[in-house]
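Just below is one structure, and these are the notes that go with it.
The values are calculated or read from the model by the stated rules, or taken from the named source; none is laboratory data. What you are looking at is a predicted structure, and each value in this text was computed from that prediction instead of being measured. With ideal geometry, Cβ positions are generated from the backbone for all residues, glycine too; neighbour counts draw on all protein chains shown. Heads up: the accessible areas ignore ligands, DNA and RNA and are worked out on the full protein's heavy atoms, side chains in. Shrake-Rupley method; radii C 1.70, N 1.55, O 1.52, S 1.80 Å.
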Amino acid sequence: MAPIPVKPVHIRMLSLLLTLVVGVAGAIGLAGLAIYYYLAPGLPEVAQLRDIRLQVPLRVYSRDGRLLAQIGEQRRIPVRFEDIPQPVVDAFIAAEDDRFFSHGGIDTPGLLRAVLVTAATHEARQGGSTITMQLARNMFLGPEKQLRRKLREIFLALRIEHEFTKREILTLYLNKIFLGQRAYGVGAAAEVYYGKQLRELSLAEIATIAALPKAPSTLNPISNPDRARARRSYVLRRMLDKGYIRRADFDTANRAPIETTEHGPQVEVDAPYVAEMVREQLLPTYGENLYSAGYKVVTTVDSRLQRSADWSLRAALLEYDRRHGWRGAPGHAARLPRDSREAVQMLDNFPVVGGLVPAIIVTTIGKTATALGKDGRSFTLPWETGLAWARRGGVGKQAADVVNAGDVVYLLPAPGGMALLAQIPQVQGAFVSLDPQDGAISSLVGGFDFYASKFNRVVQARRQPGSSFKPFIYSAALERGYTPATMILDAPIVMEGSGLESLWRPENDARHFYGPTRLRIALAASRNLVSLRLLRALGVDYAIDYASRFGFVPAELPHNLTMALGTAQLTPLQMASGYAVFANSGFRVTPYLIERVEDGDGRVLMAANPAVACLECSVAIEPPLSPDPAAPPTPAPADTDANATMTGPIAMPAAVTLAGNGPRPPSKPAPRVISAANAYLMTDMMRDVIRRGTARRALALKRDDIAGKTGTTNEHRDTWFSGFNADIVATAWVGFDQERSLGAGEEGGHTALPMWIYFMGEALAGRPEHRLPQPEGIVSARIAPATGEIARGNDPDGVFELFLAGKLPGSGAVAGDGSGVAAGKPGGGPEEPIF
């Protein structure tokens, strides 16, 4: 077959067309190059791309790894690619960019379609953005739809594709994308919308989340469930068309209802007062980056003890509130709700407070009431345990005598759908516990409910500690030669001068007087007049100087005799810190809350290095106790030595040497501020507060290793209990923020002590008793209870008492001489309860 001749005109036309194409392509290339060089200065460098950091909120953990709080504007839970379920990847690919794994950052057909729509309408209605382009926009560009921004987005997407693998790009995208409700990334969205981890989501839930990038507000399943359902159907259809799911999976997921509510961070332990303290401590160091740089803070809090402290405080305050009567329903519904869903809506303005759930009473039949709660549950309120306490004046036998249908009330949920009628306490409380060996705060609760009142009473409320301050005065007295057997007169007294503005006639709380009283009995029974006479004999200046050994600031202590009754303005944390000196055998430790701070990559930025009490170390008392001829001891003991007073501020730890062949000392030993013998003797005296004094209620713990002191202030405005064993020290306080009387009979042993008992019951459960060993410098002698003198050998009423060596009553008594003196024999004696 002969070849077809090509006419010269065809050759010329073909050449012209080829030239035109090349020219247009060249022009486009030159234009693109010019545009690139024009926009390039505004694009991030490669190093900046590689240094992408997600904004991750501050996370606060307990010492045992439980999440306490997340703090930050953006909620984000970073996830690795290998931890992202395949259906999540499939859903986003199907909905947002089905050619993601094949294009180089730009989906040309989609982009051309967007250009044509924009040219036709003169509006940028379609983005044509790939996942890579969305990532570029979200991380480095703004959301506005302008041609300049779109061109920068294209070039930046190309650069990202060049620098990252597809897996890296998809991981960044799924962690970065905004999905509504302050949730950034799929991990946070799973938590916010469903309260689940990513791996726990159903297909319907995954599709609902994958529907959100297009319009997080209008497609929000919480606020717009109908639109969310429609968009979810689109995502599921795309997954079906692409072969990611089967028809049966599609049908099941598509039929699923849109059921979601906003969930908070999956906090494992409720400790908002702790989290706020952490935030306040770190903000000056890290600034606003604290909320977005992914810092992880490990606190000293023990999750088990924190839960116990929270429950104990709330239980004690609710018990107090019950004792003082029902104040009536805080609200009333205009009509009864038709179902639990409507009840939830009607209770929108009533928050959950301190674990108490708002509810609407729907029926009162006989002795029983029923209610619908804000949490969507139905409750039954039985008479005996749930309602009877609220009878006005003790009158009434029916549920209708207490509540009516339509009343809005607060309930304390109980097992089995039951609930107890409750009310938000007007009284407040605080609780804190420490490790006495290094000051680590193991639990802290600053009030009944943080979200109702952010005032942290553990560190911000300065209140009078009342008689719980007396142990510091008694410890000072032991250093001046007084003993647990020293007799002090308990009788009326009129005070004047010494910093007081007028005549003062103090009394014991019970308004009784008991005559000559041994110091051990006076402390256990909290005899005010004995403490006042003791402080007057010691001297106020000496007592203030001595109290500073326990961490108290002299300027914050009253410079008059009222100090004996605890009129200083102190915080619960200060009191717990002071009692730690007794618990650890005489060392002053500093309370601390933050164990360490890590950055987003796990590098330790800050770590605690606390001073540690060291019984095996030979540490001199600092500052040293020195003679004070101007302030002689009480006339009784003739064999008292002169090492009584102290001068100067508390010093830093002295040189440390190891005593004997014990374990290695800590790298930072705590300073010893009182002798081990003094601490042991004071602990033994405070054991009597529980065994036979104002804290006998604590005998319910059935332990012999606990000690402490109650405290009640004038007019019963404040009630306290601080107590300890060798492993833990804790302080409980109850009072009103706006100071007023707690009421008759509300005292430390009745109001604050139960909180401490509840906590210690859990804290010490299953743990063996732990008392520090008796140190050198303690002797035991048999005394006559009525006089405090050494008992005669044939005295049938004699009891054993402990003394500091060299400070026995009288003189000349030696071990084994028939006088009743024995070195190291346990003291306290088998006396009967004081009350």
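Odds and ends about this structure:
- Restricting attention to region 666-705 and to residues that are more than 14 Å from GLY749 (Cβ to Cβ) and charged (D, E, K, R), the residue that is modelled with the lowest pLDDT turns out to be LYS668.
- If you go through region 267-316 and keep only what is in a loop (DSSP other than H, G, I, E, B) and either closer than 22 Å to GLU73 by Cβ or not aliphatic (A, V, I, L, M) (or both), you end up with VAL267, GLU268, ASP270, ALA271, SER292, GLY294, TYR295, THR300, ASP302.
- Residue list for region 693-716, restricted to those being within 26 Å of the chain's Cα centre (by Cα) and either open to solvent by 10 Å² or more (accessible area, probe 1.4 Å) or of a type outside the set (Gly, Ala, Ser) (or both): LEU701, ILE706, LYS709, THR710
- Residue tally, condition under 41 Å from the mean Cα position of the chain (by Cα), free of Cβ contacts under 8 Å to residues at least 60 places away in the same chain and assigned to a loop (DSSP other than H, G, I, E, B), over region 514-539: 1
- Pick from region 723-738, criterion in contact (Cβ under 8 Å) with a residue 60 or more places away in the chain and either β-branched (Val, Ile, Thr) or open to solvent by 10 Å² or more (accessible area, probe 1.4 Å) (or both), ranking: farthest from ASN456 (Cα to Cα): ASP727
- Between LEU317, LEU347, LEU336, the distinction of being farther than 19 Å from GLY429 by Cβ, crowded, with 20+ Cβ neighbours inside 10 Å and of a type outside the set (D, E, K, R) belongs to LEU347 only.
- Restricting VAL60, VAL88 to residues that are modelled with pLDDT of 80 or more and part of a helix (DSSP H, G or I) narrows the list to VAL88.
- Residue count, region 339-392 (criterion: touching a Gly at 6+ places or on another chain (Cβ under 9 Å), hydroxyl-bearing (Ser, Thr, Tyr) and part of a helix (DSSP H, G or I)): 1
- Screening ALA491, ALA400, ALA388 for residues that are more than 32 Å from the chain's Cα centre (by Cα), free of Cβ contacts under 8 Å to residues at least 24 places away in the same chain and surrounded by fewer than 20 Cβ atoms within 10 Å (Cβ to Cβ) leaves exactly one candidate, ALA388.
- Selection within region 434-446 - on the phi < 0 side of the Ramachandran plot and of a type outside the set (D, E, K, R): LEU434, PRO436, GLN437, ALA440, ILE441, SER442, SER443, LEU444, VAL445, GLY446
- The listed residues are GLN281, GLN197, and the only one of them that is at pLDDT 95 or above and surrounded by fewer than 19 Cβ atoms within 10 Å (Cβ to Cβ) turns out to be GLN281.
- The listed residues are ASP688, ASP684, and the only one of them that is open to solvent by less than 10 Å² (accessible area, probe 1.4 Å), in contact with a helix residue (DSSP H, G or I) (Cβ under 6 Å, 6 or more places away or on another chain) and assigned to a helix (DSSP H, G or I) turns out to be ASP688.
- Residues that are charged (D, E, K, R) and touching a residue at least 12 places away in the same chain (Cβ under 8 Å), drawn from region 694-722: ARG696, ARG697, ARG703, ASP704, ASP705, LYS709, GLU715, ARG717, ASP718
- TYR542 of a type in the set (Phe, Trp, Tyr) and surrounded by 24 or more Cβ atoms within 10 Å (Cβ to Cβ): no
- Region 403-418, subset assigned to a strand (DSSP E or B) and touching a helix residue (DSSP H, G or I) at 6+ places or on another chain (Cβ under 8 Å), residue least open to solvent (accessible area, probe 1.4 Å): LEU412
- Evaluation of PHE455 against the conditions (1) assigned to a strand (DSSP E or B); (2) within 27 Å of the chain's Cα centre (by Cα); (3) surrounded by fewer than 24 Cβ atoms within 10 Å (Cβ to Cβ) shows that the sole unmet condition is (1).
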